[in-house]
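Laboratory data are not the source of any read-out in this text; all were calculated from the coordinates shown. From a predicted model like this one, the values you see are computed outputs, not experimental measurements. Cβ placement follows ideal geometry from the backbone for every residue including glycine, while neighbour counts extend to all protein chains displayed.
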Amino acid sequence: KNQVEQSPQSLIILEGKNCTLQCNYTVSPFSNLRWYKQDTGRGPVSLTIMTFSENTKSNGRYTATLDADTKQSSLHITASQLSDSASYICVGGGRTGFQKLVFGTGTRLLVSP
Amino acid sequence: DTGVSQNPRHKITKRGQNVTFRCDPISEHNRLYWYRQTLGQGPEFLTYFQNEAQLEKSRLLSDRFSAERPKGSFSTLEIQRTEQGDSAMYLCASSSIQGAGYGYTFGSGTRLTVV
């Protein structure tokens, strides 16, 4: 069964600190791994997309890593800001006729002043 | 182009009523998707269009749900005889075939509350 599991479920950090979110995926056949940021009441916004041959991808203060052998990914946030408070969703993309995505349940991050 | 647009943003309806949501995708995107998201969960796939053709439907899409994309542009999702379990955020996304469809863009969603 295709699934994506994320940890921790929620996290509170102080403004300016770094944090790392984890993701384990089982998506077959696997094509790509994405991280989305979702603010409350809004749609998900893409942060990074990595194909199975990529190990890392950065987008500003966000850096994602991918280990296709262990089927693990992480999202590292550097120098957190209050605006980083959101849910971060790990998503596996399957290599099917269309880009059907398998979503994790997200990590809810709260950045505290 | 302002991205994927969904209307309305919020809808409160009484159980048993019918509701219809609209999605306007990014104009050059020929693929359109509907997802449903309940509180604390990730989005779940409902259905997918390539141009005007509905190519896949999830088992989550019961007989009360119907989606259309009549001219391959905007799409509508209708729920008939709404139930309290239909309360959720309904998300629309679009992508293009070019770039292996990686450019998935979501709208802001329509939040449905069935009372």
What does the highest-first list of A:76-88, A:8-20 look like by mean Cβ count within 10 Å? A:76-88, A:8-20
Which value in Å is the Kirkwood Rh of the range A:41-113 over different Cα pairs? 13.6
Can you pull out the chymotrypsin sites (Phe, Trp or Tyr not before Pro) in the range B:1-77 whose DSSP state is coil and whose Cβ has at most 16 other Cβ atoms within 10 Å? B:Phe74
I want to check the label-to-label distance for B:Thr76 and B:Thr113. Put each point 7 Å from Cα in the C-beta direction and report it in nm to one decimal. 2.5
Derived scalar couplings ³J(HN,Hα) [the range A:76-82; Karplus, 6.51 cos²θ - 1.76 cosθ + 1.60; whole Hz; x for Gly, Pro]: 9, 10, 9, 6, 4, 10, 4
Restricting attention to the range B:43-80, which GluC sites (Glu not before Pro) occupy a DSSP loop and are surrounded by at most 16 other Cβ atoms within 10 Å? B:Glu52
How would you rank A:Lys37, B:Lys57, going from fewest to most other Cβ atoms within 10 Å of each one's own Cβ? B:Lys57, A:Lys37
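Which pairs in the list B:Lys11/B:Lys57; B:Lys14/B:Lys57; A:Lys1/A:Lys71; B:Lys11/B:Lys71 are over 18 Å apart, alpha-carbon to alpha-carbon? Mind showing how you got there, number by number?
Numbers: B:Lys11/B:Lys57 24 Å; B:Lys14/B:Lys57 26 Å; A:Lys1/A:Lys71 14 Å; B:Lys11/B:Lys71 25 Å.
The pairs that break the limit, which is 18 Å between Cα atoms, are B:Lys11/B:Lys57; B:Lys14/B:Lys57; B:Lys11/B:Lys71.
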Need the list of lysines near A:Lys17 for cross-linking: C-alpha distance under 21 angstrom, and skip anything on the same chain fewer than eight residues off. A:Lys37, A:Lys57
May I ask you to give the average projected area over all directions of the convex hull of the Cα atoms of the protein assembly as shown, in nm² rounded to one decimal? 12.5
Within chain A, cysteines having no neighbouring cysteine beta carbon under 4.7 Å are A:Cys19
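Report, to one decimal in Å, the Kirkwood hydrodynamic radius for the range A:12-68 based on all distinct Cα pairs.
Numbers: mean 1/r = 0.0771 Å⁻¹.
After inverting the mean inverse Cα-Cα distance, the result is 13.0 Å.
Can you give the Kirkwood hydrodynamic radius for chain B, in Å, rounded to one decimal and based on Cα pairs? It would help to have the intermediate numbers written out before the result.
Working: mean 1/r = 0.0710 Å⁻¹.
Answer for chain B: a Kirkwood hydrodynamic radius of 14.1 Å.
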So B:Glu44 and B:Thr20, fully extended at 0.36 nm per residue minus their Cα-Cα distance, gain in nm 6.8 nm
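Less than 15 Å Cβ to Cβ from B:Arg15, Lys/Arg counted +1 and Asp/Glu -1: what total charge do the surrounding residues give?
On the way: positive: B:Lys11, B:Lys14, B:Arg64, B:Arg81; negative: B:Glu83, B:Asp86.
Here the count lands on +2.
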Under 10 Å, Cα contacts only: if you run a Gaussian network model on chain B, which one of B:Ala53, B:Ala88, B:Ala67 comes out with the highest mean-square fluctuation? B:Ala53
Please report how far the C-alpha centroid of the range A:18-53 lies from that of the range B:1-60, rounded to the nearest whole angstrom. 20
